[in-house]
Ligand code: FNR
């Protein structure tokens, strides 16, 4: 039992576990199969050391940065995650308000429990919209149009989910499919089997496993919004993304929920950054739990990071205030990391401020 107030993001995980029904906690916390990648997302950060510089004037720390031209208070965004009403009755509306308070960007999941329109009208955060391509292309196109009309500033296409990964906790728990508010009246899928994860049944019925690079052109033709591809883990695909004219890349293994034994994201970030050669922004998510993790990702070339589970745990533990606190904690930790390593501004964080296992000792 936790008797004191949380002092870091990991404390929120325990609070959320105490608060949530087991089925929902497992859905949020779990990963694919043996959860090797889930552990590795965290552990790979631990193998990177920071090379602090001293006697730099750090009396003023400026964490602000811009993503696709949008100014944010710190390079920490809210990742798209499904079903926030399972955590807290106000769902994504609470998350969006917390993102607005933190002056950061929220990426709304297509599988949100509040609609594109509801979230747009309840907050003034900069919002991006995360999309899957469905077998029913017309529905994906319609979602993009709704997002564009309601002021979302970019489309985040998740590319790592032609099918849903094997999340064994969800299979055992017979996880429900959370109500997908954006699809109301558009699609109805029968998930009334009592076998396994209903979420998996739902996803596999709706998602288009034939999706390929050519379809990016199609998506491009449906919208004038910038398009980011989420789920890239290799230099080969990073190069294809640049050639395909997308506007940004999110290095992600979907929080280790898709392919087990996919690499930890922080371990492949540099490979992607080198392939992209500064042509488009590279972001990263997966296992970011500390300000030092944010610092390491920036040092290895990310423009910003996204956080998934910490937001859900904050929401489950304390609603909107919990998400605010989670974002504040990470910002405060990043601030002190920058101060203690001699980096007053985001642009001062360079490759020479970290040492990976592959680096020779200088
Ligand atoms: C996700 N993620 C995700 N990604 C996406 O593109 N669309 C989605 O609907 C979801 N849904 C979702 C639900 C839950 C419960 C989790 C934990 C994750 C993946 C998410 O955007 C992000 O890639 C990871 O969560 C990042 O890893 P951390 O921060 O959770 O370790």
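What to note about this one:
- Axis angle, to the nearest 10 degrees, between helix 92-101 and the longest C-alpha principal axis of the chain: 20 degrees.
- Measuring nothing but how far apart in sequence close Cα pairs (under 8 Å, 6+ apart) lie, relative to its length, the stretch 113-173 scores a relative contact order of 39 percent.
- In plain terms, the residue of 122, 112, 352 with the fewest other Cβ atoms within 10 Å comes first and the most crowded comes last, giving 352, 122, 112.
- Folded to 0 to 90 degrees: helix 309-341 orientation relative to the chain principal axis, Cα: 20 degrees
- Crossing angle, helix 9-19 versus the chain [Cα axis fit, 0-90 degrees, rounded to tens]: 30 degrees
- For the chain, calculated [θ]222 nm from helices alone, where every DSSP H run of n ≥ 4 adds -39500 (n - 2.57): -12500 deg cm²/dmol
- Entry note, the stretch 1-91: relative contact order of 15 percent, from Cα contacts under 8 Å with a spacing of 6+ residues.
- Entry note, the chain: relative contact order of 26 percent, from Cα contacts under 8 Å with a spacing of 6+ residues.
- Counting every other Cβ atom within 10 Å of each residue's Cβ, 214, 117, 200 order from fewest to most as 214, 117, 200.
- Of the peptides 85-98, 60-73, the ranking by mean beta-carbon count within 10 Å, highest at the top, reads 85-98, 60-73.
- Over the stretch 1-139 - Rg/Rh using Cα atoms and the Kirkwood inverse-distance radius: 1.01
- The distance separating the Cα centre of the stretch 149-179 from that of the stretch 77-146 comes to 12 Å.
- Cα-based values for the chain, radius of gyration first and Dmax second, are 19.4, 64 Å.
- Distance from the Cα centroid of the stretch 315-362 to that of the stretch 224-299 is 18 Å (rounded to whole angstrom).
- For 59, 252, 210, 109, order by how many other beta-carbon atoms lie within 10 Å, fewest first: 59, 210, 109, 252
- Calculated FRET efficiency, residue 71 to residue 357, Cβ-Cβ distance, R0 = 35 Å: about 0.50 to the nearest 0.05.
- For the chain, share of DSSP beta bridges that run antiparallel, in % to the nearest 5: 20 percent
- Taking 313, 150, 45 as the candidate residues, the one with maximal mean-square fluctuation in a Gaussian network model of the chain, Cα springs under 10 Å, is 150.
None of the figures in this text is laboratory data; all of them are computed from the coordinates on show. These numbers come from a predicted model, not from an experiment. In this analysis, Cβ positions are derived from the backbone assuming ideal geometry, glycine residues included, and neighbour counts consider all displayed protein chains.
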